[in-house]
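Let me begin by presenting the structure, written as structure tokens, before commenting on it.
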Amino acid sequence: MAEKFIENLADAEKILYTADHMIYITFPLINDKRLLLKIIQEIKKSVINCITSILHYEYAHRRVTLYKDPSLNFRIFSEKCAPSYNITKDEIRLILELFDFVEKHRESSFEFMRNDKVVIMSGNMRPKTLTIEKAKDFLILGKNLLKKTRAKFFGKIFIVRFFVFIELCK
């Protein structure tokens, strides 16, 4: 169990690196809505891996109890873990917005591209619009979450490596 949180964090970093490449290199070349949707799905995977990593770390140190219900575990993360990792309420709201976008995409039967925006029609025919800027906001959220998690786990030495990673991704 002790290594599980490190594996999740490493997976989150790999996925985030891929999403960063897709958003800054691949998407401008291809400009396909499916790629933009794939990018936010990848960012969601990375965010989930960070959250899972935090929960496993806290569980290993006997500070939280984990459940089989993901929504209950997310509530534990947001109420008990997030403050000690300096994860703000705004970041929690952005995480929930990211999850909502991916869920709406999964449930949607109709999506289209209009003026560099992906419009996702939900079951009640209310449009949800995804822009490249919003996807970049989600990417920044993922990077910040990864940075804060690494800082808590490994201290300041690994933060320098993370900033090198960010600079290489630009």
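The values are calculated or read from the model by the stated rules, or taken from the named source; none is laboratory data. For clarity, every value in this text was computed on a predicted model and none was experimentally measured. Here the Cβ positions follow ideal geometry from the backbone for every residue, glycine too, while neighbour counts run over all protein chains shown. Protein only, heavy atoms only, side chains kept; ligands, DNA and RNA dropped before computing areas. Shrake-Rupley method; radii C 1.70, N 1.55, O 1.52, S 1.80 Å.
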Against the 2.2 N^0.38 Å rule of thumb, the C-alpha Rg of segment 75-145 sits at a ratio of 1.28
With a 1.4 Å probe and every protein chain left in place, tell me how much accessible area THR26 has, in Å² to the nearest 10. 30 Å²
If you stretched the chain out fully between PHE99 and MET113, how much longer would it get, using 0.36 nm times the residue separation minus the C-alpha to C-alpha distance? 3.0 nm
Starting from the exponent 0.38 and prefactor 2.2 Å, build the expected Rg for the chain from its residue count and divide its actual Cα Rg by it. 1.07
Based on the Cβ-Cβ distance from ASP69 to LEU29, what FRET efficiency comes out when R0 is 35 Å, to the nearest 0.05? 0.25
Per-selection metrics, segment 1-89 (Cα): Rg and Dmax in Å: 15.2, 47
Residue-normalised accessible area of the chain, expressed per residue, 1.4 Å probe, Å²: 57 Å²
In nm, what is the difference between 0.36 nm times the number of residues separating ASP90 and PHE153 and their Cα-Cα distance? 20.4 nm
Using Cα centres only, tell me the gap between segment 1-43 and segment 94-136 in whole Å. 18 Å
Full-extension gain between HIS61 and ARG126, please, as 0.36 nm times their residue separation minus the C-alpha to C-alpha distance. 19.0 nm
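On a 32 Å Cα-Cα criterion, which of the cross-link pairs LYS68/LYS117; LYS89/LYS128; LYS128/LYS152; LYS33/LYS68; LYS33/LYS80 come out too long?
Those over the limit are LYS68/LYS117; LYS128/LYS152; LYS33/LYS68; LYS33/LYS80.
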